Amino acid sequence: MRLEQILFTQGFGTRHECRGLIVNGHVTINQTVVEDPQSDFDVNGLVFSVDGVNWPYVEKAIIAMNKPTGYECSRKPLHHPSVLSLLPAPLRNRGVQPVGRLDEDTTGLLILTDDGALIHRLTHPKKHVSKIYRVTAKHAMTQEMFGRLLEGVMLDGEREKVAADDLVQIDDYVFEMQITQGKYHQVKRMVAAVGNRVSALHRVALGNYHLPDDLTASKWRFIRREELI
(Lines give C-alpha, C1' and ligand atoms only; values in the text may rest on other atoms or scores of the structure.)
Protein backbone atom coordinates (compact mmCIF):
# COMPACT_ATOMS: atom_id res chain seq x y z
CA MET A 1 0.00 0.00 0.00
CA ARG A 2 1.24 3.52 -0.76
CA LEU A 3 2.45 5.42 2.28
CA GLU A 4 0.02 8.26 1.59
CA GLN A 5 -2.85 5.77 1.65
CA ILE A 6 -1.54 4.13 4.82
CA LEU A 7 -1.61 7.41 6.73
CA PHE A 8 -5.03 8.26 5.32
CA THR A 9 -6.59 4.96 6.43
CA GLN A 10 -5.05 5.34 9.89
CA GLY A 11 -6.69 8.71 10.55
CA PHE A 12 -3.85 11.16 9.94
CA GLY A 13 -5.99 13.59 7.99
CA THR A 14 -7.05 14.20 4.42
CA ARG A 15 -4.98 12.80 1.59
CA HIS A 16 -3.47 16.24 1.12
CA GLU A 17 -2.57 16.48 4.82
CA CYS A 18 -1.06 12.98 4.79
CA ARG A 19 1.00 13.85 1.72
CA GLY A 20 2.24 16.95 3.52
CA LEU A 21 3.32 14.97 6.57
CA ILE A 22 5.38 12.68 4.36
CA VAL A 23 7.08 15.23 2.08
CA ASN A 24 7.94 17.41 5.07
CA GLY A 25 9.83 14.57 6.76
CA HIS A 26 7.45 13.73 9.60
CA VAL A 27 7.14 10.01 8.79
CA THR A 28 9.70 7.35 9.64
CA ILE A 29 9.75 3.63 8.86
CA ASN A 30 12.50 1.34 10.13
CA GLN A 31 14.29 4.41 11.54
CA THR A 32 14.45 5.95 8.06
CA VAL A 33 12.61 9.12 7.07
CA VAL A 34 10.43 8.44 4.03
CA GLU A 35 9.59 11.52 1.96
CA ASP A 36 7.91 9.90 -1.06
CA PRO A 37 4.13 9.61 -0.61
CA GLN A 38 4.00 6.98 -3.36
CA SER A 39 6.40 4.59 -1.60
CA ASP A 40 4.87 1.12 -1.27
CA PHE A 41 4.96 -0.90 1.94
CA ASP A 42 3.64 -4.26 3.07
CA VAL A 43 1.14 -3.39 5.81
CA ASN A 44 1.40 -6.80 7.52
CA GLY A 45 3.16 -6.09 10.80
CA LEU A 46 4.02 -2.56 9.68
CA VAL A 47 4.95 -0.03 12.35
CA PHE A 48 5.46 3.56 11.24
CA SER A 49 6.34 6.68 13.18
CA VAL A 50 4.79 10.14 12.88
CA ASP A 51 6.66 12.90 14.71
CA GLY A 52 8.42 10.29 16.83
CA VAL A 53 5.28 8.40 17.89
CA ASN A 54 5.09 4.77 16.78
CA TRP A 55 1.86 3.45 15.24
CA PRO A 56 1.07 -0.12 14.20
CA TYR A 57 -0.95 -0.41 11.00
CA VAL A 58 -4.35 -1.89 11.89
CA GLU A 59 -7.08 -2.44 9.34
CA LYS A 60 -9.66 -2.08 12.11
CA ALA A 61 -8.75 -0.38 15.36
CA ILE A 62 -9.78 -2.17 18.55
CA ILE A 63 -8.96 -0.30 21.75
CA ALA A 64 -9.15 -1.34 25.40
CA MET A 65 -9.40 1.62 27.77
CA ASN A 66 -9.56 1.85 31.54
CA LYS A 67 -12.31 4.44 31.71
CA PRO A 68 -12.01 6.91 34.57
CA THR A 69 -14.94 8.51 36.34
CA GLY A 70 -16.24 11.82 35.01
CA TYR A 71 -16.39 10.93 31.30
CA GLU A 72 -19.34 10.21 29.03
CA CYS A 73 -19.36 7.46 26.41
CA SER A 74 -20.71 9.73 23.70
CA ARG A 75 -19.50 11.67 20.68
CA LYS A 76 -21.71 14.55 21.81
CA PRO A 77 -21.46 14.62 25.63
CA LEU A 78 -23.93 16.73 27.57
CA HIS A 79 -22.42 17.30 31.00
CA HIS A 80 -18.91 15.79 31.06
CA PRO A 81 -16.01 15.31 28.61
CA SER A 82 -16.25 12.45 26.11
CA VAL A 83 -14.06 9.38 26.62
CA LEU A 84 -12.97 9.99 23.03
CA SER A 85 -11.04 13.03 24.25
CA LEU A 86 -8.68 10.58 25.99
CA LEU A 87 -7.64 9.16 22.59
CA PRO A 88 -5.18 10.73 20.15
CA ALA A 89 -6.58 12.55 17.12
CA PRO A 90 -5.86 9.80 14.53
CA LEU A 91 -8.09 7.33 16.40
CA ARG A 92 -10.87 9.89 16.70
CA ASN A 93 -10.52 10.81 13.04
CA ARG A 94 -10.99 7.23 11.88
CA GLY A 95 -14.32 6.93 13.67
CA VAL A 96 -13.53 4.82 16.73
CA GLN A 97 -16.55 4.64 19.03
CA PRO A 98 -17.41 3.02 22.37
CA VAL A 99 -18.91 -0.47 22.33
CA GLY A 100 -21.92 0.10 24.54
CA ARG A 101 -21.84 2.70 27.26
CA LEU A 102 -20.58 3.04 30.79
CA ASP A 103 -22.22 5.69 32.96
CA GLU A 104 -20.27 8.83 33.77
CA ASP A 105 -19.58 7.51 37.29
CA THR A 106 -18.79 3.94 36.17
CA THR A 107 -15.13 3.04 35.66
CA GLY A 108 -13.19 0.18 34.14
CA LEU A 109 -12.96 -1.71 30.88
CA LEU A 110 -14.31 0.07 27.83
CA ILE A 111 -13.82 -1.27 24.31
CA LEU A 112 -13.71 1.19 21.42
CA THR A 113 -13.50 0.30 17.74
CA ASP A 114 -14.26 1.34 14.16
CA ASP A 115 -15.25 -2.25 13.29
CA GLY A 116 -19.03 -2.18 12.82
CA ALA A 117 -19.32 -5.97 12.63
CA LEU A 118 -17.50 -6.31 15.95
CA ILE A 119 -19.74 -3.73 17.61
CA HIS A 120 -22.76 -5.73 16.47
CA ARG A 121 -21.21 -8.99 17.69
CA LEU A 122 -20.49 -7.56 21.15
CA THR A 123 -23.75 -5.68 21.69
CA HIS A 124 -26.50 -7.75 20.05
CA PRO A 125 -28.75 -9.22 22.79
CA LYS A 126 -28.86 -12.65 21.14
CA LYS A 127 -25.05 -12.99 21.31
CA HIS A 128 -25.09 -13.09 25.14
CA VAL A 129 -21.63 -11.57 25.53
CA SER A 130 -20.49 -11.78 29.15
CA LYS A 131 -19.69 -8.69 31.23
CA ILE A 132 -18.24 -8.73 34.74
CA TYR A 133 -18.61 -5.79 37.11
CA ARG A 134 -17.03 -5.17 40.50
CA VAL A 135 -19.82 -3.72 42.62
CA THR A 136 -19.39 -1.73 45.81
CA ALA A 137 -22.67 -1.61 47.71
CA LYS A 138 -23.76 1.19 50.02
CA HIS A 139 -24.92 -1.30 52.68
CA ALA A 140 -23.59 -4.73 53.58
CA MET A 141 -24.84 -7.45 51.24
CA THR A 142 -26.66 -10.44 52.68
CA GLN A 143 -26.83 -14.00 51.43
CA GLU A 144 -30.52 -13.44 50.82
CA MET A 145 -29.66 -10.53 48.50
CA PHE A 146 -27.13 -12.64 46.62
CA GLY A 147 -29.65 -15.43 46.28
CA ARG A 148 -32.25 -13.11 44.79
CA LEU A 149 -29.75 -11.72 42.30
CA LEU A 150 -28.94 -15.25 41.12
CA GLU A 151 -32.58 -16.29 41.00
CA GLY A 152 -33.63 -13.17 39.13
CA VAL A 153 -35.31 -9.89 39.99
CA MET A 154 -38.02 -7.94 38.22
CA LEU A 155 -36.97 -4.52 36.97
CA ASP A 156 -39.37 -1.69 36.18
CA GLY A 157 -40.42 -1.82 32.55
CA GLU A 158 -39.31 -5.43 32.03
CA ARG A 159 -41.59 -8.39 31.41
CA GLU A 160 -39.25 -11.08 32.70
CA LYS A 161 -36.91 -11.41 35.62
CA VAL A 162 -33.26 -10.55 35.09
CA ALA A 163 -30.67 -12.73 36.83
CA ALA A 164 -26.94 -12.62 37.43
CA ASP A 165 -25.03 -15.42 35.71
CA ASP A 166 -22.46 -15.59 38.51
CA LEU A 167 -21.56 -13.82 41.74
CA VAL A 168 -18.26 -13.76 43.62
CA GLN A 169 -18.30 -12.14 47.05
CA ILE A 170 -15.14 -10.23 47.96
CA ASP A 171 -16.25 -8.79 51.29
CA ASP A 172 -19.47 -7.62 52.95
CA TYR A 173 -19.77 -4.68 50.59
CA VAL A 174 -17.88 -5.66 47.44
CA PHE A 175 -18.71 -8.42 44.98
CA GLU A 176 -18.29 -9.23 41.30
CA MET A 177 -21.37 -9.87 39.20
CA GLN A 178 -21.42 -11.46 35.75
CA ILE A 179 -24.28 -10.68 33.38
CA THR A 180 -24.97 -11.37 29.72
CA GLN A 181 -27.74 -8.85 29.16
CA GLY A 182 -27.14 -5.17 28.51
CA LYS A 183 -30.19 -3.40 29.88
CA TYR A 184 -30.11 0.27 30.85
CA HIS A 185 -28.41 0.76 34.24
CA GLN A 186 -28.87 -2.97 34.73
CA VAL A 187 -26.46 -3.64 37.59
CA LYS A 188 -27.60 -0.59 39.56
CA ARG A 189 -31.26 -1.49 39.07
CA MET A 190 -30.70 -5.12 40.05
CA VAL A 191 -28.95 -4.16 43.27
CA ALA A 192 -31.70 -1.64 44.03
CA ALA A 193 -34.30 -4.38 43.44
CA VAL A 194 -32.87 -6.42 46.34
CA GLY A 195 -32.93 -3.44 48.71
CA ASN A 196 -29.42 -2.07 48.42
CA ARG A 197 -27.64 0.60 46.41
CA VAL A 198 -24.50 0.75 44.25
CA SER A 199 -21.97 3.28 45.49
CA ALA A 200 -19.24 2.36 42.97
CA LEU A 201 -19.23 0.29 39.77
CA HIS A 202 -16.18 -0.92 37.88
CA ARG A 203 -16.23 -3.19 34.82
CA VAL A 204 -13.44 -5.76 34.91
CA ALA A 205 -14.21 -7.92 31.86
CA LEU A 206 -16.04 -7.96 28.54
CA GLY A 207 -16.24 -11.17 26.54
CA ASN A 208 -12.95 -13.01 27.03
CA TYR A 209 -10.95 -9.88 27.74
CA HIS A 210 -10.13 -8.89 31.31
CA LEU A 211 -8.86 -5.45 32.24
CA PRO A 212 -5.07 -5.78 32.68
CA ASP A 213 -3.65 -4.76 36.05
CA ASP A 214 -1.10 -2.51 34.35
CA LEU A 215 -3.70 -0.55 32.34
CA THR A 216 -4.26 2.36 34.68
CA ALA A 217 -7.15 4.83 34.63
CA SER A 218 -7.40 6.89 31.42
CA LYS A 219 -4.87 4.69 29.60
CA TRP A 220 -5.59 2.63 26.48
CA ARG A 221 -3.96 0.04 24.23
CA PHE A 222 -4.57 -1.76 20.96
CA ILE A 223 -5.89 -5.32 21.33
CA ARG A 224 -6.79 -8.09 18.87
CA ARG A 225 -10.28 -9.29 18.05
CA GLU A 226 -9.26 -12.81 19.14
CA GLU A 227 -8.68 -11.51 22.68
CA LEU A 228 -12.34 -10.48 22.96
CA ILE A 229 -14.39 -13.26 21.38
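The values are calculated or read from the model by the stated rules, or taken from the named source; none is laboratory data. Treat the numbers as computed from the prediction; the structure is a model and nothing was measured. For neighbour counting, all protein chains shown are included, and Cβ atoms are generated from backbone atoms with ideal geometry for every residue, glycine included. When the accessible area is computed, the model is the full protein with side chains, heavy atoms only, and any ligands, DNA or RNA have been set aside. Shrake-Rupley method; radii C 1.70, N 1.55, O 1.52, S 1.80 Å.
Phi angles of region 113-120 translate, via the Karplus equation with coefficients 6.51, -1.76, 1.60 and θ = phi - 60°, into HN-Hα couplings of 7, 10, 9, x, 5, 5, 4, 4 Hz per residue; Gly and Pro are given as x. Region 147-167 and region 52-119 have Cα centres spaced 30 Å apart. The local environment of Arg19, defined by Cβ-Cβ distances under 11 Å, has a net charge of -2 under the rule Lys, Arg +1 and Asp, Glu -1. Take 199-212, 51-64 and order them by the average number of nearby Cβ atoms within 10 Å per residue, most first; the result is 199-212, 51-64. Between the amide H of Ser199 and those of Thr136, Ala137, Lys138, distances stay under 5 Å, these residues lying 5 or more places away or on another chain, with hydrogens modeled in the peptide plane. Stretched out straight at 0.36 nm per residue, the stretch from Asn30 to Ala140 would grow longer than its current Cα-Cα span by 33.9 nm. For region 11-16, the Karplus equation 6.51 cos²θ - 1.76 cosθ + 1.60, evaluated at θ = phi - 60°, returns couplings of x, 8, x, 5, 4, 5 Hz by residue, with Gly and Pro reported as x.
Per-residue ellipticity at 222 nm computed for the chain from its helices equals -5500 deg cm²/dmol, with DSSP H segments shorter than 4 residues left out and the rest contributing -39,500 (n - 2.57).
Backbone amide hydrogens, once placed in the peptide plane, bring Gln97 within less than 5 Å of Thr113, Asp114, excluding anything fewer than 5 places away on its chain. The phi-based Karplus calculation (6.51 cos²θ - 1.76 cosθ + 1.60; θ = phi - 60°) puts the 3J(HN,Hα) values of region 149-163 at 5, 6, 6, x, 10, 8, 9, 4, x, 9, 9, 10, 5, 10, 10 Hz, whole numbers, x for Gly and Pro. Of Thr180, Thr216, Thr69, the residue with the greatest mean-square motion in the GNM of the chain, using alpha carbon springs below 10 Å, is Thr216. Orientation-averaged projection of region 180-229 equals 4.8 nm² [convex hull of Cα atoms, one quarter of hull surface area].
Here the gap between Asp105 and Glu151, fully extended at 0.36 nm per residue and compared with their Cα-Cα distance, gives a gain of 13.8 nm.
Once the Cβ-Cβ distance of Arg225 and Asp42 is raised to the sixth power relative to R0 = 25 Å, the FRET efficiency obtained is 0.75. Taking 0.36 nm per residue of separation and subtracting the current Cα-Cα distance, fully stretching the chain between Asp214 and Lys126 would add 28.4 nm.
Per residue, region 22-156 exposes 52 Å² of accessible surface when a 1.4 Å probe is rolled over the protein heavy atoms with every protein chain present.
Backbone amide hydrogens, once placed in the peptide plane, bring Leu46 within less than 5 Å of Tyr57, excluding anything fewer than 5 places away on its chain.
More than 22 angstrom separation, counting every C-alpha pair in region 1-147; what % is that? When all Cα pairs of region 1-147 are counted, 53 percent exceed 22 Å. Could you please state how large a percent of the accessible area of the chain is carbon and sulfur, counting protein chains only and using a 1.4 Å probe? Of the solvent-accessible surface of the chain, carbon and sulfur hold 48 percent.
Taking the Cα centre of the chain as reference, the dipole from Cβ charges on Lys and Arg (+1) and Asp and Glu (-1) amounts to some 660 debye.
Exceedance of the 21 Å cut-off in Cα-Cα distance is limited, within the set Lys126/Lys183; Lys161/Lys183; Lys67/Lys126, to Lys67/Lys126.
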